[in-house]
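Note sheet for the following structure.
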Amino acid sequence: MSDCLFCKIIAGEIPSSKVYEDDVCYAFNDIAPQAPTHFLVIPKAHIGSVSEVNADNSAVVAHIFEVIAKLAKEMGMESYRVVSNIGEQAGQSVFHLHFHVLSGRDMTWPPG
Ligand code: AMP
């Protein structure tokens with residue numbers, strides 16, 4: 001989508017701190033980290049949020065979770081949190097599907 005911030009990051013039109021990339025997804029450090037390690041994993045194809053995941057695109061999500069598990073192992077992350085906010089009330093501010101991966105500090109539950 002032409003007006004999507006994360007599509008522009010994937011296209012290289014907006015700079016980002018790359019963590020990982022393959023044909024399907026892109027991972028980069030969050031610009032406002034909420035933990036010592038905080039990166040985002042996004043599909044290269046535009047999907048608005050988890051609410052737009054369906055039988056036609058869910059393989060992308062499965063792949064992203066494989067990538068998260070692989071990166072966590074490579075980065076030595078034994079404990080971490082994966083979060084996806086859906087909708088403004090839940091805290092979604094960028095409407096391109098993304099999974100936050102957070103690690104490196106104590107975390108509370110339930111979230112605020
Ligand atoms: P959410 O609020 O769940 O939609 O998450 C969007 C995330 O994108 C926030 O944690 C922002 O800090 C992050 N973000 C916004 N702009 C950028 C950017 N240019 N580079 C990296 N992360 C960004």
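The values are calculated or read from the model by the stated rules, or taken from the named source; none is laboratory data. From a predicted model like this one, the values you see are computed outputs, not experimental measurements. All Cβ positions, even for glycine, are placed from backbone atoms using ideal geometry, and neighbour counts span all protein chains on display. Ligands, DNA and RNA are excluded from the accessible area calculation, which covers all protein heavy atoms including side chains. Shrake-Rupley method; radii C 1.70, N 1.55, O 1.52, S 1.80 Å.
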>> With a cut-off of 8 Å between alpha carbons and a minimum separation of six or more residues, what is the relative contact order of the chain in percent?
In response: 30 percent
> Can you list the residues of the range 72-95 with backbone N under 19 Å from a point 7 Å past the Cα of VAL50, pointing along Cα to Cβ?
Replying inline: 80-95
> How much net charge surrounds VAL94 when only the other residues with a Cβ under 13 Å from the Cβ of VAL94 are counted, with Lys and Arg +1 and Asp and Glu -1?
Replying inline: -2
>> Give me the net charge for the shell around ALA72: Cβ to Cβ below 12 angstrom, other residues only, Lys and Arg +1, Asp and Glu -1.
In response: 0
> Taking Cα centroids, how far is the range 70-98 from the range 10-56 in Å?
Replying inline: 9 Å
> Taking a Cβ-Cβ separation under 4.7 Å as the criterion for a possible partner, which cysteines of the chain have none?
Replying inline: CYS25
> Which percent of the accessible heavy-atom area of the range 10-112 goes to carbon and sulfur, probe 1.4 angstrom?
Replying inline: 52 percent
>> For the chain, what does the accessible surface come to per residue with a 1.4 Å probe? Please give it in Å².
In response: 60 Å²
> With Cβ to Cβ distances under 15 Å as the rule, what net charge do the other residues near CYS4 carry (K, R +1; D, E -1)?
Replying inline: -1
>> Rounded to two decimals, what is the ratio between the C-alpha radius of gyration of the range 58-112 and 2.2 N^0.38 Å?
In response: 1.25
> How much mean residue ellipticity at 222 nm does the chain get from its helices, if each DSSP H run of length 4 or more adds -39500 (n - 2.57) and you divide by all residues, to the nearest 500 deg cm²/dmol?
Replying inline: -6500 deg cm²/dmol
> Stretch THR108-LYS18 to full length: gain in nm at 0.36 nm per residue minus the Cα-Cα span?
Replying inline: 29.6 nm
> Can you list, bin by bin at 5 Å, the percent of alpha carbon pairs in the range 1-49, starting at 0?
Replying inline: 5, 21, 32, 25, 14, 3, 0
> What GluC sites (Glu not before Pro) does the range 44-102 have in DSSP loop regions with at most 13 other beta carbons within 10 Å?
Replying inline: GLU78
> Could you give the angle, 0 to 90 degrees to the nearest 10, between helix 58-74's Cα long axis and the longest principal axis of the Cα atoms of the chain?
Replying inline: 40 degrees
> Given the convex hull of the Cα atoms of the chain, what is a quarter of its surface area in nm²?
Replying inline: 7.3 nm²
> Who wins for biggest fluctuation among ASN57, ASN29, ASN85 in a Gaussian network model of the chain, springs between alpha carbons below 10 Å?
Replying inline: ASN57
